[in-house]
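Asks: Below is the structure I would like to discuss, written out as structure tokens.
Derivation of every value follows stated rules applied to the coordinates shown; laboratory data play no part. All of these numbers come straight from a predicted model, not from anything done at the bench. Note that we place each Cβ from the backbone using ideal geometry, even for glycine, and neighbour counts take in every protein chain shown.
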Amino acid sequence: MTNWRDHIVTDPSVLLGKPVIKGTRLSVEFLIERLASGWTEEQLLENYPRLKKQDIQALFAFVYECLQDGLIFPSKTA
């Protein structure tokens, strides 16, 4: 599995410290939203040339680790 720490960083001076792809201002949140909206990996790579396939793999590894560690919980609906 890709070590997401090699690709995803936080810096309080970039997007208020949100996790971003290293060397870009593309946040994890933004990229996940694009994928959830139906964008493909190929569309992301085409539209954001600084983004690499390994960055997208790191994105999934980051989200997986957050889920595994219990940092993300599904919201309860009534």
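Asks: Applying the Karplus parametrisation 6.51 cos²θ - 1.76 cosθ + 1.60 with θ = phi - 60° to the phi angles of the stretch 12-25, what ³J(HN,Hα) value in whole Hz is obtained for each residue in order, glycine and proline being reported as x?
Replies: Values, residue by residue: x, 8, 10, 6, 6, x, 5, x, 10, 5, 3, x, 9, 10 Hz.
Asks: In the chain, which longest range has no trypsin sites (Lys or Arg not before Pro) that are both DSSP loop (not H, G, I, E or B) and surrounded by at most 12 other Cβ atoms within 10 Å?
Replies: It runs 51-75.
Asks: Same structure, new question: Charges only on Cβ, +1 for Lys and Arg, -1 for Asp and Glu: so what's the dipole of the chain about the Cα centre, in debye to the nearest 20?
Replies: With only Lys, Arg, Asp and Glu charged at Cβ, the dipole is about 140 debye.
Asks: Which angle between 0 and 90 degrees, to the nearest 10, do you get for helix 53-68 versus the longest principal axis of the chain when only C-alpha atoms count?
Replies: Helix 53-68 sits roughly 10 degrees off the main axis of the chain.
Asks: Would you kindly state how much longer the chain becomes between Y48 and R25 on full extension, computed as 0.36 nm times their sequence separation minus their alpha carbon distance, in nm to one decimal?
Replies: So the chain would gain 7.2 nm between Y48 and R25.
Asks: Now for a separate question. Principal axes first, then extents: for the Cα atoms of the chain, list largest minus smallest coordinate on each axis, whole Å, largest first.
Replies: Between the extreme Cα coordinates on each principal axis of the chain lie 41, 29, 26 Å.
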